[in-house]
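A.B. asks: My structure is below; once you've seen it, I'll send some questions.
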Amino acid sequence: MSGERRAAGSRARPAAAPIPPRCAPGPRSPRQVCAPGLRGRRGPGLVARPREGGGGARALGWGTASGAGGRAGAAASRRCGMAARPPSSRSQRTTGSTCLHALSELLGLPLDQVNFVACQLFALFAAFWFRIYLSPGKTSPDVRHALVTIFGIYFVIFCFGWYSLHLFVLVLMCYGIMVTASVSSIHRPLMIVTQKITTLAFQVHDGLGRRAEDLSAEQQRLAVKVKPSFLEYLSYLLNFMSVIAGPCNNFKDYIAFIEGRHIHAKLLEVNWKQRGFHNLPEPSPTGAVIHKLCMTLVSLLLFLTLTKTFPVTCLVDDWFVHKANFLTRLCYLYIVMQASKPKYYFAWTLADAVNNAAGFGFSGVDKNGNFCWDLLSNLNIWKIETATSFKMYLENWNIQTATWLKRVCYERVPWYPTVLTFFLSALWHGVYPGYYFTFLTGILVTVAARTVRNNYRHCFLSSRALKVVYDVVTWAVTQLAVSYTVAPFVLLAVEPTISLYKSMYFYLHIISLLIILFLPIKPHAHIQRQPQTLNSVNKKKKD
């Protein structure tokens with residue numbers, strides 16, 4: 001089970017506190033806000049935090065910060081009629097370690113969030129030490145496996161306390177299934193857990209239970225043809241680099257990293273003699289790590305300021321729902337959803353930096369000869385913010401989770417891959433209604449966007465000016481569509497979601513349905529998306 005899906009287990013619910021009279025008469029729990037039905041799991045003016053796929057961003061909830069960011073957040077909370085809660089009640093509620101309680105009180109942040117950041121920072125330094133002093137040339141793979149597993153187990157216990165037993169029991173049960181089940185059905189029982197275990201399950205199934213000619217080229221490359229040892233299995237699932245915040249990675253890539261073949265194999269893909277090298281270079285991740293840490297720092301500052309100033313709870317405030325005009329609601333929704341991103345940017349970029357610092361994540365050499373350390377990157381911020389299509393946005397957000405969904409669902413199901421992949425994603429995130437609102441809306445928007453693109457994009461490619469106009473319009477539409485679609489993901493409950501969509505007149509649902517009903521959908525699109533196996537290639541050659 002990935003780190004971000006376990007973060008929620010480390011918190012208990014706070015004690016109730018009265019709401020100021022301006023929101024509504026009578027006492028209420030701090031889990032309530034002005035709009036009835038909107039409930040949060042954290043505290044003042046906070047909705048329940050989203051449970052996303054890729055990583056430990058969930059550990060960065062909507063906690064109130066001290067200083068300027070805290071004052072801005074408090075002001076926004078008062079605007080939305082939300083109550084304040086003493087920081088001590090936030091910081092004490094955790095099943096993990098309490099040794100950082102004093103720091104939690106000083107910062108005014110919940111203790112589970114402080115524990116998360118502390119573990120990731122410690123993991124960063126441990127990763128540098130691991131790469132330098134326990135490199136494959138100095139240490140055996142077994143020692144590297146053992147140490148990353150021990151550190152990972154310690155981090156899990158530090159963050160989640162006795163809740164970590166849930167993770168350990170699942171890991172051990174699934175290993176027992178893997179070594180005893182038939183190879184032809186090994187992927188079925190392991191689907192009860194997420195990402196890494198299901199990734200490994202399908203890759204073992206591909207390597208031991210299917211014929212090579214029935215696999216796509218990608219499936220052949222990743223197929224695991226020998227069952228992993230118990231130490232390899234534990235190391236892959238519980239290593240300290242990714243046990244808290246991810247990201248997901250392939251078993252063969254991880255084993256190659258532990259055994260010291262990870263970078264060398266990528267370098268062999270390049271003809272270095274033509275580039276003037278007599279020996280293979282030795283790429284260093286230091287530059288990539290420093291760059292990602294700078295991005296992490298900027299994201300943290302934005303989280304402590306922008307995110308606090310525009311909390312998502314204001315989307316169901318009386319002013320937004322009943323008084324603001326439609327254009328104002330549209331713009332404010334975009335701003336609020338933009339303000340919700342920095343916590344994800346922080347968690348995922350920091351997790352990427354930790355893996356790179358350990359020497360894991362090298363993806364090869366780009367066309368300019370630069371070394372790339374983005375094999376495990378979970379997002380591309382520039383492409384997200386400049387996306388001109390719903391598809392482009394999703395491809396660059398939570399990349400490793402999207403890749404996992406593609407490999408275990410989209411490429412394997414025979415019918416309705418888009419619908420089933422969205423449904424699996426919602427089911428994996430949890431059972432909150434908001435997730436299903438988001439993913440059902442996402443299906444409509446994806447199909448509608450693809451239909452418009454297939455029918456009209458070619459009309460704007462005849463001149464550079466038209467292409468610029470097309471890009472600007474599609475960028476604006478994409479950003480607004482994403483904001484509209486993902487809002488229920490952070491609101492979670494049914495009532496606030498319906499309240500928000502009613503205030504927006506369900507405009508995107510209506511437009512998407514009209515597009516799907518009245519514009520032609522090319523029937524061969526699905527066939528083009530099917531994975532190409534050796535059998536399909538041979539069949540085409542015969543034809």
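No value in this document is a laboratory result; all are computed from the given coordinates. These figures come from a predicted structure and were not determined experimentally. Cβ: placed from backbone, ideal geometry, glycine included. Neighbour counts: every protein chain shown.
A.B. asks: If r is the Cβ-Cβ distance from residue 231 to residue 122 and R0 is 41 Å, what FRET efficiency results, to the nearest 0.05? It would help to have the intermediate numbers written out before the result.
C.D. replies: Working: r = 23 Å, r/R0 = 0.56.
Efficiency, rounded to the nearest 0.05: 0.95.
A.B. asks: If one computes the Cα centroid of segment 335-386 and of segment 423-493, what distance in Å separates the two points?
C.D. replies: One Cα centre to the other: 22 Å.
A.B. asks: Work the Kirkwood hydrodynamic radius out for segment 388-534: mean of 1/r over every pair of different alpha-carbon atoms, inverted, in Å.
C.D. replies: That comes to 16.6 Å for segment 388-534.
A.B. asks: Next question, about the same structure. Compute the distance in nm between two label points, each set 7 Å from the Cα along the Cα-to-Cβ direction, one at residue 326 and one at residue 284.
C.D. replies: For residue 326 paired with residue 284, the spin-label model returns 5.8 nm.
A.B. asks: Let me ask another. Just to confirm a number: summing +1 for Lys and Arg and -1 for Asp and Glu over residues other than residue 141 whose beta-carbon lies under 15 angstrom from that of residue 141, what do you get?
C.D. replies: Numbers: positive: 131, 138, 144, 252, 261; negative: 142, 232, 253, 259.
Here the count lands on +1.
A.B. asks: Tell me, in nm to one decimal, what length is gained between residue 462 and residue 172 on full extension, where the rule is 0.36 nm per residue of separation less the Cα-Cα distance? Could the numbers behind the result be given before it?
C.D. replies: Values: separation 290, 0.36 × 290 = 104.40 nm, distance 5.89 nm.
Length gained, residue 462 through residue 172: 98.5 nm.
A.B. asks: Pull up all non-local amide H partners of residue 379: gap of 5 or more, or a different chain, and H-to-H distance under 5 Å with H placed in the peptide plane.
C.D. replies: The answer is 399.
A.B. asks: Separate question: Listed here are the pairs 383/467; 252/343; 292/383; which of them are more than 23 Å apart at the Cα?
C.D. replies: In this structure, 252/343 lie more than 23 Å apart at Cα.
A.B. asks: Separation between the residue 334 and residue 138 pseudo-spin-labels, each 7 Å from Cα along Cα→Cβ, expressed in nm?
C.D. replies: Roughly 5.2 nm, to one decimal.
A.B. asks: Mind sorting 352, 374, 366, 206 by how few other Cβ atoms lie within 10 Å of their own Cβ, fewest first?
C.D. replies: Neighbour counts put them in this order, fewest first: 366, 374, 206, 352.
A.B. asks: What does the highest-first list of 453-460, 500-507 look like by mean Cβ count within 10 Å?
C.D. replies: The densest-packed peptide leads the list: 500-507, 453-460.
A.B. asks: Oh, and also: Local charge sum around residue 288 (other residues, Cβ-Cβ under 15 Å, Lys/Arg +1, Asp/Glu -1)?
C.D. replies: The answer is -1.
A.B. asks: Could you state, as a whole-number percent, how many of the C-alpha pairs of segment 115-267 are farther apart than 27 Å? Intermediate values should be presented prior to the final figure.
C.D. replies: Numbers: 2951 of 11628 pairs.
Everything past 27 Å amounts to 25 percent.
A.B. asks: Right, another one. Pull out the extension gain between residue 382 and residue 162, defined as 0.36 nm times the separation in residues minus the alpha carbon to alpha carbon distance; nm, one decimal. Could the numbers behind the result be given before it?
C.D. replies: On the way: separation 220, 0.36 × 220 = 79.20 nm, distance 3.96 nm.
Extra length available between residue 382 and residue 162 comes to 75.2 nm.
A.B. asks: Would you tally the net charge around residue 461, using a Cβ to Cβ cut-off of less than 14 Å, leaving residue 461 out, and scoring K and R as +1, D and E as -1?
C.D. replies: Details: positive: 453, 457, 464, 467; negative: 471.
Once positives and negatives cancel, what remains is +3.
A.B. asks: Now a separate question. Neighbour counts of other C-beta atoms within 10 Å: give me 516, 255 arranged from fewest to most.
C.D. replies: On the way: 516 14, 255 18.
The most exposed by this proxy come first: 516, 255.
A.B. asks: Can I ask one more? How many nm is it between the label spots at residue 454 and residue 495, if each spot is 7 Å from the Cα in line with the beta carbon?
C.D. replies: If labels sit at residue 454 and residue 495, their model points lie 4.2 nm apart.
A.B. asks: Using a 10 Å cut-off on Cβ atoms, rank the peptides 296-302, 467-473, 243-249, 166-172 from the highest mean neighbour count down.
C.D. replies: Sorting 296-302, 467-473, 243-249, 166-172 by mean packing, highest first, produces 243-249, 296-302, 166-172, 467-473.
A.B. asks: Still on this structure: Counting other C-beta atoms within 10 Å, which of 509, 205 has the fewest, and how do the rest follow?
C.D. replies: Values: 509 18, 205 21.
Arranged by neighbour count, lowest to highest, 509, 205 become 509, 205.
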